[in-house]
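First comes the structure, then the notes that go with it.
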Amino acid sequence: MADLDLDSSFIPALYKPAALLPITKHRESLLYLIETHPVTIVVGQTGSGKTTQIPQFLEKAGWCAGGKIIAVTQPRRVAATTVALRVAEEIGCEIGKEVGYSIRFEDVTSASTRIKFLTDGLLIREALVDPLLSRYSVIMVDEAHERSISSDILLGLLKKIRKRRPELRIVVSSATLQADQFLRFFTEDGGYEGPPGGDAGAIGSIISLEGRTYPIDVLYLASPAEDYVEKAVSTVFDIHTTEPKGDILVFLTGREVIDSAIEAVSERVSRLPPKSQALLPLPLYAGLSTEQQMYVFDEAPENTRKVIFSTNISEASVTINGIVYVVDCGFVKLRTYDPKTGIETLTATPVSKASAAQRAGRAGRTQPGKCFRLYTEDAFQSLPEANVPEIQRSNLAPFILQLKALGIDNVLRFDFLTPPPAELMVKALELLYSLGALDEYAKLTRPLGMRMAELAVEPMMAKALLSAPGFGCLSEVLTIAAMTSLGGNVWVQHDGEKRKTESSKRKFAAEEGDHLTLLNVYQAFVTKGRKESRFCRDNSLNFKALTRAVSIRTQLKRYLERFGVIVDESLTAPPAENKAEQIRRCLTTGYFAHAARMQPDGTFRNVSGDTVLHAHPSSLMFNRRADWVIFHEVFDTGSKIFVRDISKIEKNWLLQYAPDFYQTKSG
DNA sequence: GAGCACTGC
């Protein structure tokens, strides 16, 4: 979602004068706790004003003396920018002066900045340059209960930094009651290093701030629903025909069920009695183009009720004004990485109690609301309190690499809030070793491993990028790295334009596969599409995503230049005859572990032959012949295992560029 | 002939 400025402008709490916020009366006790304890856990409900007020209290209390900065981290870019704008407005300063923000591609801070909002991932990156984060007197980790990998790792780093910087103040803010866990983490001794933790009460403390939301009636089903899509649709009609005005937000799991729910509503709308209030169904998921997403923010026409069928994007990332009714199907799609196969599985899983509460809360932002849970109260009681943290179900290779670059050699003993399973750690170490980022003692190699850690792309692509000068195709691989970072959002499909999308895809298609096709798309975009607004629309391309690719490419290029690598962008030099081959060879140096061979039936088999892979329908190879290929990504949707962003290679390249990897595999 | 939840550097 791009336009999260929309988000902030719709949060009514932000427009309440600060003096009226419940947090104001806790000012003195908050400042006392932070003054006297290195770690303060703030349990603040929605609307408590913690994010905007705490940094201002601290600044006024003198925590910026000596030029020190107060940092507030956010899990998302939009939150960092909108909250910074709000605080700048409250203080009455220009954004970027006393109050600023810093997110990837946008550093709106200056020498006079005293309060800085930034994403947690970016603060981790700052630690590469300044390992003790010495510019900051206070670091507030906001939304820590969401348990993103970055905020988990940041908390681990802060615990370590605290031992060297006793004057540093850490504030952890959480919307739910995981406060004890956070406090215990900071007060328990990490084990092998440093003196014992001492008196827990002296180190940390918890403070609770009441929030300000409207009451929400929660209703459950008397008996379980057989089909939650059908049940969601009938519940929407029940609300529409019996409840007072107010828009409806329905949480479903994914694009497919959302589209079918919308179809079902559209069909049934015609059966509503004439002259009754109209019902307007709208989809909301990340894969929609910006214009398609905008409709949900428009006010419904006269005498019309909006019903928005959304993925989890509405749970925390996007806020829609005017929602009075929430329908919660009780499921969410969660990604889990299997370290045995290296495959990510995306499956619908029952939500946690914390998620269910968050979803219900979407109904009470502007007036009292109702939440209809499409499951029984017993089922609710049996839900887990919170989701399994991301760090326990992800491919950890990028993060292990980052920790190594931060000088944390023994990653197995890093103080994680919740340690990831050993298999995930071992798998990440094996991959990094096979790419040459780690040596046989698991130490970061230099310069290769260090440079891979600094590049903001995943390790396989980082390896390919750093190999590219040797193949004479750095400019092209830079583009491919930027384009694959978009994660399949290059194309958009407008309603009823399936064939148009397919034909424009064919226009850019390269015989050698998806990577070269992405290169063609990018080159067409920078020559025509950036100026001509019709270009993207006419070619079913995602303007916002391609613009982002330009930024990513620029940033990656800057990193490489900092390493002393010269990027030759001269268009005058005729492309080498075998350029396409050099590019595919270069990609193989990073993606050799993602290799497969096409079978006579058109499916693929991985190298060990035990897994059947299917070309994703978005890939060129979906309906073309190939022999050996490498691919960017593999994921299991429950029905099939798909590979995406596929290019043809030669089998002997695998042995040429990854001899150790394939010798070990074959014993 | 048929389809990925959401973030982030």
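Miscellaneous remarks
- Test: residue in region A:592-610 that is in a helix (DSSP H, G or I) and within 30 Å of the chain's Cα centre (by Cα): no
- Scope region A:611-653; condition in a strand (DSSP E or B), within 13 Å of DNA strand B (Cβ to nearest atom), at negative phi and charged (D, E, K, R); matching residues: A:633, A:636, A:644
- Of the residues making up region A:100-110, none is on the phi > 0 side of the Ramachandran plot, over 20 Å from the mean Cα position of the chain (by Cα), away from DNA strand B (no atom under 16 Å from the Cβ) and not in a helix (DSSP H, G or I).
- Within region A:587-600, not a single residue is aliphatic (A, V, I, L, M), surrounded by 17 or more Cβ atoms within 10 Å (Cβ to Cβ), in contact with a Pro (Cβ under 9 Å, 6 or more places away or on another chain) and within 15 Å of residue A:477 (Cβ to Cβ).
- Some residue of region A:170-177 being in a helix (DSSP H, G or I), within 22 Å of residue A:64 (Cα to Cα) and not hydrophobic (A, V, I, L, M, F, W, C): no
- Test for residue A:465: is it touching a residue at least 12 places away in the same chain (Cβ under 8 Å), under 16 Å from residue A:561 (Cβ atoms) and within 19 Å of the chain's Cα centre (by Cα): no
- In region A:365-408, residue surrounded by the most Cβ atoms within 10 Å (Cβ to Cβ) [restricted to those that are under 22 Å from residue A:217 (Cα atoms) and among the aliphatic types (A, V, I, L, M)]: A:374
- Pairs, first touching a residue at least 24 places away in the same chain (Cβ under 8 Å) in region A:438-462, second within 13 Å of DNA strand B (Cβ to nearest atom) and of a type in the set (S, T, N, Q), C-beta under 6 Å, six or more apart: A:453/A:402
- Of the residues making up region A:5-24, those that are modelled with pLDDT of 50 or more and surrounded by 12 or more Cβ atoms within 10 Å (Cβ to Cβ) number 5.
- Checking every residue in region A:124-143 against the condition of being within 16 Å of DNA strand B (Cβ to nearest atom) and hydroxyl-bearing (Ser, Thr, Tyr) gives zero matches.
- Residue list for region A:72-91, restricted to those being in a helix (DSSP H, G or I) and under 18 Å from the mean Cα position of the chain (by Cα): A:77, A:78, A:79, A:80, A:81, A:82
- All conditions but one from (1) away from DNA strand B (no atom under 16 Å from the Cβ); (2) modelled with pLDDT of 95 or more apply to residue A:44; the one that does not is (2).
- Filter result (on the phi < 0 side of the Ramachandran plot, surrounded by fewer than 16 Cβ atoms within 10 Å (Cβ to Cβ) and away from DNA strand B (no atom under 12 Å from the Cβ)) within region A:279-316: A:291, A:294, A:295, A:298, A:299, A:301, A:302, A:304
- Count of region A:317-330 residues which are buried (at least 21 other Cβ atoms within 10 Å of the Cβ) and under 23 Å from the mean Cα position of the chain (by Cα): 4
- Pairing each residue of region A:376-400 that is without any contact (Cβ under 8 Å) to a residue 24 or more places away in the chain and on the phi > 0 side of the Ramachandran plot with any residue that is in a helix (DSSP H, G or I) and surrounded by fewer than 20 Cβ atoms within 10 Å (Cβ to Cβ), provided the two are 6+ apart or on different chains, yields no C-beta distance under 6 Å.
- Qualifying residue in region A:251-270 (condition: more than 15 Å from DNA strand B (Cβ to nearest atom) and touching a Cys at 6+ places or on another chain (Cβ under 8 Å)): no
- Which listed residue, of A:119, A:82, is closer than 28 Å to residue A:558 by Cα, in contact with a strand residue (DSSP E or B) (Cβ under 6 Å, 6 or more places away or on another chain) and either within 14 Å of DNA strand B (Cβ to nearest atom) or of a type in the set (Gly, Ala, Ser) (or both): A:119
- In the set (1) farther than 23 Å from residue A:395 by Cα; (2) at pLDDT 95 or above; (3) over 31 Å from the mean Cα position of the chain (by Cα), residue A:663 fails one condition alone, (2).
- When we screen A:486, A:546 for residues that are surrounded by fewer than 21 Cβ atoms within 10 Å (Cβ to Cβ) and under 19 Å from the mean Cα position of the chain (by Cα), the only hit is A:486.
- Looking across A:102, A:112, A:29, one residue alone is surrounded by fewer than 19 Cβ atoms within 10 Å (Cβ to Cβ) and at pLDDT 95 or above. It is A:112.
- When residues of region A:74-130 are limited to those that are hydroxyl-bearing (Ser, Thr, Tyr) and in contact with a Gly (Cβ under 6 Å, 6 or more places away or on another chain), the one nearest to residue A:48 (Cα to Cα): A:113
- The listed residues are A:611, A:589, A:637, and the only one of them that is touching a residue at least 24 places away in the same chain (Cβ under 8 Å), among the polar types (S, T, N, Q) and touching a Leu at 6+ places or on another chain (Cβ under 7 Å) turns out to be A:637.
- Every residue from region A:131-162 that is part of a helix (DSSP H, G or I) and without any contact (Cβ under 8 Å) to a residue 40 or more places away in the chain: A:144, A:158, A:161
- Qualifying positions in region A:537-567 - part of a helix (DSSP H, G or I) and aromatic (Phe, Trp, Tyr): A:543, A:559
- Residues in region A:317-344 that are in a strand (DSSP E or B) and more than 16 Å from DNA strand B (Cβ to nearest atom) were compared, and the one that is farthest from residue A:217 (Cα to Cα) is A:323.
- Residue list for region A:563-582, restricted to those being modelled with pLDDT of 95 or more and charged (D, E, K, R): A:581
- All helices (runs of 4 or more DSSP H) inside region A:214-308 with 1 or more residues being touching a residue at least 60 places away in the same chain (Cβ under 8 Å) and under 30 Å from the mean Cα position of the chain (by Cα): A:228-242, A:290-294
The values are calculated or read from the model by the stated rules, or taken from the named source; none is laboratory data. What you see is a predicted model, and the numbers here were worked out from it, not measured in a lab. As a convention, Cβ positions derive from the backbone with ideal geometry for all residues, glycine included, and neighbour counts pool all protein chains shown.
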